[in-house]
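S.K.: Handing you this structure, nothing more for now.
The values are calculated or read from the model by the stated rules, or taken from the named source; none is laboratory data. None of these values were measured; they are calculated from a predicted model. In this analysis, Cβ positions are derived from the backbone assuming ideal geometry, glycine residues included, and neighbour counts consider all displayed protein chains.
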Amino acid sequence: MKKGLIILIAAVFLVALWGFSGYNGLVTLNENADAQWAKVETQYQRRFDLIPNLVSSVKAVLNQEQAVFGEIAEARTRYAGAQTPDQRAAAASQVESALGRLLVIVENYPQLQSAATVQDLMAQLEGTENRVAVERTRFNDTVREYNTTIKRFPRNILAALTGFNNRAYFEAASGAEQVPTVQFE
């Protein structure tokens, strides 16, 4: 009788230990995904901090294509008002589209390209875009690890019982594969 009770207590202890360990692991993975998304947002913020300087420099040399500048400002406003990572990702994609058109404008105007301020800001913006891409990739890797963990048995049971749900990957906006074009009238 005593031996059976000891085995039962040991089994309950091991299950509880597994539950605590598993839950803590899920919390860690979820927090890692949140932290990685924060890194993506940090790079978005860097981009948004550079954009007004770039736009001001471009406007000083070029007063055409006001629509592009308006789209950039509108996308920045949408990003600032976004509440979820999905909304922020959509706003960031709008910025990327408008920036693509702005870059085409800059490429078409040699006097604009030669301005040292514009060159410096373009280099910084290019570096920021690369950083954004790296952080997005890392975010998706972190989300993949989290999603895989909560789907595997037996953690899927623990995840369902404790409210850990699948997280969305960052995905490019529809049409992002299209090269932007600028037409002057």
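S.K.: Need a quick list: helices (runs of 4 or more DSSP H) entirely within the stretch 97-185 having at least 1 residues that are surrounded by 11 or more Cβ atoms within 10 Å (Cβ to Cβ), modelled with pLDDT under 90 and among the small types (Gly, Ala, Ser).
M.R.: Filter on the stretch 97-185 gives 116-151.
S.K.: Are there any pairs, at least 6 apart or on different chains, whose C-beta atoms fall under 9 Å, with the first in the stretch 47-69 and on the phi < 0 side of the Ramachandran plot and at pLDDT below 70 and the second aromatic (Phe, Trp, Tyr) and part of a helix (DSSP H, G or I), and if so, which?
M.R.: Every condition considered, the pairs that remain are 58/69; 59/69.
S.K.: Any residue that is exposed (fewer than 13 other Cβ atoms within 10 Å of the Cβ) and under 29 Å from residue 92 (Cα atoms) - is there at least one of those in the stretch 14-26?
M.R.: no
S.K.: Just name the residue that is modelled with the lowest pLDDT out of those in the stretch 86-96 that are buried (at least 19 other Cβ atoms within 10 Å of the Cβ) and in contact with a helix residue (DSSP H, G or I) (Cβ under 8 Å, 6 or more places away or on another chain).
M.R.: Taking the candidates together, the pick is 95.
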